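One structure is given below, encoded as structure tokens.
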Amino acid sequence: MSAAAPITTHVLDTAAGRPAAGVPVRLAVQLARPPVEAAADSTEWRPVASSRTDADGRCKDLFGGADSAHLVAGAVYRLSFDLHAYYSAAGVHDCFFPTAEVHVLKRLLFHASLSPSRP
């Protein structure tokens, strides 16, 4: 029996009433926390992994079977969801939020749920 993936996600298309299959998802780690007075975009990120949501809208293992032991507890991670690509593939070209980002402080395990809608 394999151990649970350390970071998973689930995306539901609330407008369509179904899981959002095929959403590109990227995971990055924050290299250093900028000082409070620094500009918000001054944070440096290192890509860790990427995947797409499955038919159930889930990204159960962003690492594609790769070793995730290098994930650091207490580090800040960013999940980026490419909603523009998802909606474009579905024929919807007016996407209010082209990208959604979730920043998380990594503990032992983490699951992020996202429920985007379209106008």
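The values are calculated or read from the model by the stated rules, or taken from the named source; none is laboratory data. A quick note: this is a predicted structure, and the numbers were derived from the prediction, not measured. Here Cβ is always computed from backbone atoms with ideal geometry, including for glycine, and neighbour counts include all displayed protein chains. Keep in mind that these areas ignore ligands, DNA and RNA; they rest on the heavy atoms of the full protein, side chains included. Shrake-Rupley method; radii C 1.70, N 1.55, O 1.52, S 1.80 Å.
General remarks:
- Which of 106, 60 is most accessible, then next, and so on - probe 1.4 Å: 60, 106
- Sorting 94-104, 49-59 by average packing, meaning the other beta carbons within 10 Å per residue, from highest down gives 49-59, 94-104.
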